[in-house]
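First up is the structure itself, then whatever we jot down about it.
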Amino acid sequence: MEFELANAMADKRINTVVRNLPAIPDKNSLYSFTVVKDMNTRTSTTELAEGHAQPEMLYLPETVRDWPWTRMINPYYEEVAHESSVWLKSFKPFKKQSQYAFDLCDFGRLASLVYPHASREHLRAGVDLMNVFFVIDEYTDVEPQQVVREMIEVVIDAIHNPTKPRPEGEVVLGEITRQFWDRAKKTATPGAIQHFVDSFKDYLDTVVIQAGDRDQDKICTVEEYFEVRSDNIGSRSCYAISELHLNIPDYIFYHPVIKELELLITYLLILDNDMASYNREQAAGDDCYNIITIVMRQFNLSLPNAFKWAARYHDEIKTKFLDGLKKVPSWGKELDDQVAMYIDHLARWPRGNDCWNFESGRYFGSKGLEIQKTRYVPLYPKRKRDTHLHKDDVEIAIVDSL
C-alpha cells in the first residue's frame, strides 16, 4: 500500500505541497516587513517614492545571516574543478572571450560549496552538472522557442541513452550531457538514477517554456513565476546528486514532509539567485525572468522595496523550513540516517549558494568579497541586448567590464 501511494504521489509531482508555503506577500503588506537595518540609507536617492528613478547603489539583503549551516567546501575542490573544466573545454562550446568569462564563474566552486561531504567521484558528477546547466543556459538564452525545443530534445535523448554515440553535426549539448550522465550514472543507486532523470526532464521542459515566454516578452505573475521557476532553476536535479550513494525508498522520498522541505529550499534559492543576479540581468536587458522585476511590475514597487519584498518572503520561508524539520517522521535508524544526510544536503544549499554568489565572478566580478561585506553594489548601466546572437556566438559578459 505504501509503495502504491508513493507512486501516485510521484506522478502528481506533489503539487499540493505548494498550498502549504507561506502566502506570497502583496504590496499592502510591504510596509509591515521587518526592514533590514540601514537598507537604503546609502543610496543616492533615499526614501524613493514608487515610480521614481532607480538608486545608483543597490543594497543586497543578508538573507542567510542567521542560517544555522555554516560555510564548508569540499577538500577535492581544486583538482576536481580543474578536471571538469578541462573536460568541458575539450568540446569548445564558446569562443575564447566567452570561455574566459565562463571560467570566471567558477562553477566547480559552487558544487564544492554545496556538496562539501561528497566523495571525489560524486563531486565530479556535481561539478559536471553545474557546467552542463550553465552551458544549456547560455545556449538556450539566445535562441527562439522552436530552436530551443530542438536542442532540448537532443539533451533528453542523451540522458535516456548515455551510451549511444551522438550523431555528427548535432548541437554539442548532446555529447556534453551524454558524457556527464554516462560517468555519473555508474556511481549511482537505482533510486537516485530515476530521481535525477525525472527531475532533469522537468527542468528541461521548463527551459522550453521560458524560451516561449521570452519570445513573447511575457512577464509572469509572481504565482506563475514560482510555479515554473521551481523546476526551471534545476535544484531538484542538484539534490539528486547528493543521493547518488543513498537508497531512500520512494515512499519516503515522496513523503509530503520531504517534498515540502525540498520546495522550501528551492524557493530560498530562487529568491537568493534573483536578488544576486538582478543587477547583471537588468544591465543586459534580460531581467524579465527575475522575481525583482516581476514584483516591481505586479505590485508597482520601487527597486528598493522589491528587494525588501524578496527579503521578507525569504525570511518567512526560512522559518517554515526550520519548523518543518521537526515534522520529519521516523522510519527506523537505518533509513533515518539516510534521510538525515539528504536533508543536511538540502540545508547546505542556501549557504553554499550565497557564498558562491560572492566568491565567484558570476555576478559581482572581482569585487564579490567586498560587496559581501558592505552589501552595496553600483547599479550597472544598461546595454542594448543583441537579439541576433545564436548558440555559436554566445557572448558571456565579464562583470568587471559592465
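The values are calculated or read from the model by the stated rules, or taken from the named source; none is laboratory data. This one's a predicted model, so the numbers in the text were calculated from it and none came from an experiment. Don't worry about glycine lacking a Cβ; one is built from the backbone with ideal geometry, like all the others, and counts go over all protein chains shown. The accessibility values were calculated without ligands, DNA or RNA, using every heavy atom of the protein model including side chains. Shrake-Rupley method; radii C 1.70, N 1.55, O 1.52, S 1.80 Å.
Some notes on this structure:
- Val377 falls short of the stated requirement of being assigned to a helix (DSSP H, G or I), among the β-branched types (Val, Ile, Thr) and either over 16 Å from Leu261 (Cβ atoms) or open to solvent by less than 40 Å² (accessible area, probe 1.4 Å) (or both).
- If you filter segment 299-314 down to residues that are within 14 Å of Arg375 (Cβ to Cβ) and not hydrophobic (A, V, I, L, M, F, W, C), you find that the one that is most open to solvent (accessible area, probe 1.4 Å) is Lys308.
- In segment 84-127, of all residues being among the acidic types (Asp, Glu) and within 20 Å of Glu359 (Cβ to Cβ), the one that is most open to solvent (accessible area, probe 1.4 Å) corresponds to Asp103.
- Test: Gly212 is over 21 Å from the mean Cα position of the chain (by Cα), in contact (Cβ under 8 Å) with a residue 40 or more places away in the chain and part of a helix (DSSP H, G or I): no
- In segment 229-304, counting only helices (runs of 4 or more DSSP H) that sit wholly within it, the ones holding 1 or more residues that are under 16 Å from Trp349 (Cα atoms), of a type in the set (Val, Ile, Thr) and without any contact (Cβ under 8 Å) to a residue 40 or more places away in the chain span 256-283.
- Test: residue in segment 176-194 that is more than 27 Å from Glu262 (Cα to Cα) and surrounded by 15 or more Cβ atoms within 10 Å (Cβ to Cβ): yes
- Top-ranked residue of segment 179-209 - restricted to ones that are in contact with a helix residue (DSSP H, G or I) (Cβ under 7 Å, 6 or more places away or on another chain) and without any contact (Cβ under 8 Å) to a residue 24 or more places away in the chain, ranked as farthest from Leu129 (Cα to Cα): Ile209
- Identity of the residue in segment 312-357, touching a residue at least 24 places away in the same chain (Cβ under 8 Å) and outside any helix (DSSP H, G or I), that ends up farthest from Ser235 (Cα to Cα): Trp331
- Positions within segment 138-169 being among the charged types (D, E, K, R) and open to solvent by 50 Å² or more (accessible area, probe 1.4 Å), in sequence order: Arg149, Glu150, Glu153, Lys164, Glu168
- For segment 328-348, the count of residues that are over 15 Å from the mean Cα position of the chain (by Cα), of a type in the set (S, T, N, Q) and crowded, with 21+ Cβ neighbours inside 10 Å is zero.
- Residue within segment 351-371 that is surrounded by 15 or more Cβ atoms within 10 Å (Cβ to Cβ) and in contact with a strand residue (DSSP E or B) (Cβ under 6 Å, 6 or more places away or on another chain) present: yes
- For Gln146, the criteria (1) touching a residue at least 40 places away in the same chain (Cβ under 8 Å); (2) closer than 19 Å to Tyr289 by Cβ; (3) over 15 Å from the mean Cα position of the chain (by Cα); (4) part of a helix (DSSP H, G or I) hold in every case but one, which is (1).
- Residues located in segment 253-268, provided they are crowded, with 20+ Cβ neighbours inside 10 Å and aliphatic (A, V, I, L, M): Ile258, Leu261, Leu263, Leu264, Ile265, Leu268
- Candidate set: segment 71-83, residues that are touching a residue at least 24 places away in the same chain (Cβ under 8 Å) and part of a loop (DSSP other than H, G, I, E, B); chosen: the one nearest to Cys355 (Cα to Cα): Arg71
- Hey, Phe134 surrounded by fewer than 21 Cβ atoms within 10 Å (Cβ to Cβ), of a type in the set (Phe, Trp, Tyr), in contact (Cβ under 8 Å) with a residue 24 or more places away in the chain and not in a loop (DSSP other than H, G, I, E, B) or not: yes
- The residue that is farthest from the chain's Cα centre (by Cα), counting only those in segment 215-246 that are more than 22 Å from Gly285 (Cβ to Cβ) and open to solvent by 10 Å² or more (accessible area, probe 1.4 Å), is His245.
- Pairing residues of segment 103-124 that are of a type in the set (D, E, K, R) with residues that are open to solvent by 10 Å² or more (accessible area, probe 1.4 Å) and in a helix (DSSP H, G or I), at Cβ distances under 7 Å and at least 6 apart in sequence or on separate chains, gives Asp103/Ser85; Arg109/Tyr77; Arg109/Ala81; Arg109/Glu359; Arg124/Glu83.
- Qualifying residue in segment 210-227 (condition: modelled with pLDDT of 95 or more, of a type outside the set (Ser, Thr, Tyr) and in contact with a Gly (Cβ under 7 Å, 6 or more places away or on another chain)): no
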